[in-house]
Amino acid sequence: MVSEGNAQPTRCGFAGDEAPGAPRVYVLPAPVAPAGAPPEAARRLARQHARAALRSLLAHDLGCAPEAIDLSDTRGQPVRAAGHERIGLSISHEHALSLLALCPDGAVGVDVVRVPAASDADELRRAAHLFLEPNMAAALDQEAHEATFSIAFAAAWAAHEARLKCIGQPLVEWSSALSARLAGVRSAAVELPPWAAADHVAAVAWRAAGLGG
């Protein structure tokens, strides 16, 4: 697997990525943490690396130096660039890789999920019925083979989390109110490169400015 800390973001495709106003999505391998570093230190290093990459991408778009980009850093809140709040930004981390998204004029959310172990299927089915859209949870029930179910669950979960991030909503149980808030939010599976796609799935969600939230 690619894991060099100085690797550059790789742009990823998805259905609808050429539409006007669609976001751009990039995958980035996380840097290798020092030997013996605790998991939180490795995650912090990956987060810093991803934010630096996002800052560079945004600076290129705006024609300025990366140092001129001031990104917000409030845990649980979407990333924002001071003075450029109309540009949607999103970051997701999972097991040695990060996903970045930029939307020129609207909200965006991105999520990457490591495919869970097939042995966790029963617990994941319960989570699906608690948090996911009922039709999506019902569709997952049709996946009888545990390995196939794990992949389908990861894809559905990534799409759901991406949509939640797009509207700035933490994970909550499914409700009619949540369904109404998610109306108009588009989502698509992200095409990861081979080094990342072996055990991960990812999704992006976006909504053009002016559609409410």
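Take the residues in segment 123-162 that are charged (D, E, K, R) and touching a residue at least 40 places away in the same chain (Cβ under 8 Å); name whichever of them is surrounded by the fewest Cβ atoms within 10 Å (Cβ to Cβ). My answer is GLU133.
Number of residues in segment 58-86 that are within 22 Å of ALA158 (Cα to Cα) and touching a strand residue (DSSP E or B) at 6+ places or on another chain (Cβ under 9 Å): the value is 3. If you filter segment 163-197 down to residues that are without any contact (Cβ under 8 Å) to a residue 24 or more places away in the chain and surrounded by fewer than 14 Cβ atoms within 10 Å (Cβ to Cβ), you find that the one that is farthest from HIS129 (Cα to Cα) is PRO194.
A quick yes/no check of all residues on (1) in contact (Cβ under 8 Å) with a residue 24 or more places away in the chain; (2) loosely packed, with under 15 Cβ neighbours inside 10 Å; (3) acidic (Asp, Glu):
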{"residue": "GLY36", "(1), (2), (3)": "no, yes, no"}
{"residue": "ALA42", "(1), (2), (3)": "no, no, no"}
{"residue": "GLN48", "(1), (2), (3)": "no, yes, no"}
{"residue": "LEU58", "(1), (2), (3)": "yes, no, no"}
{"residue": "GLU67", "(1), (2), (3)": "no, yes, yes"}
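Is it true that some residue in segment 12-34 is in a helix (DSSP H, G or I), surrounded by 13 or more Cβ atoms within 10 Å (Cβ to Cβ) and either at pLDDT 95 or above or over 18 Å from the mean Cα position of the chain (by Cα) (or both)? Among the residues of segment 12-34, not one is in a helix (DSSP H, G or I), surrounded by 13 or more Cβ atoms within 10 Å (Cβ to Cβ) and either at pLDDT 95 or above or over 18 Å from the mean Cα position of the chain (by Cα) (or both), which makes the answer no. Within segment 154-168, restricting attention to residues that are at pLDDT 95 or above and of a type outside the set (A, V, I, L, M), the residue that is nearest to ALA198 (Cα to Cα) is TRP157.
The values are calculated or read from the model by the stated rules, or taken from the named source; none is laboratory data. Worth saying up front: this structure is predicted, and the values here are computed from it rather than measured. No Cβ is skipped: glycine too gets one built from the backbone with ideal geometry, and neighbour counts run over all protein chains shown.
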